[in-house]
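First the structure, in the form of structure tokens, and then the observations on it.
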Amino acid sequence: YSKQPNIKAVDMLFQEMVNQNFTPTIETYNSILHAHSILGDSESVFKIYSELENAKLEPNLYTYNIILKVYAKIGDSESAMKLFE
């Protein structure tokens, strides 16, 4: 889904997983973050990242790479630096 994301399908599939009591992994979250970031949907990226943290999942290098690229695209270097704190 994330190479040419049909974001509605991505979000629906994720919601279906959750509704059927599947626990999303960090890889699942990364795929969704990546799809939203490709579309430049920074608001959704940060919302999903927050959900990931609330789920007590540990972001990995790929997660941080996605988030940093989004901060770079929107020109928010201050928030990007806070990831390293």
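Here, each number is a calculation from the coordinates, and none is a lab measurement. In this text, all values refer to a predicted model and were calculated from it rather than measured experimentally. Reconstructed Cβ throughout: ideal geometry from the backbone, glycine too, with neighbour counts over all protein chains shown.
For Val18, the requirement of being farther than 11 Å from Ile66 by Cα, hydrophobic (A, V, I, L, M, F, W, C), out of contact with any strand residue (DSSP E or B) (no Cβ under 6 Å at 6 or more places or on another chain) and in contact (Cβ under 8 Å) with a residue 24 or more places away in the chain is not met.
Candidates Asn65, Asn60: the one that is touching a residue at least 24 places away in the same chain (Cβ under 8 Å) and of a type outside the set (Asp, Glu) is Asn60. If you go through the stretch 33-69 and keep only what is among the hydrophobic types (A, V, I, L, M, F, W, C), within 21 Å of Phe14 (Cα to Cα) and over 9 Å from the mean Cα position of the chain (by Cα), you end up with Ile38, Leu39, Ala55, Leu57.
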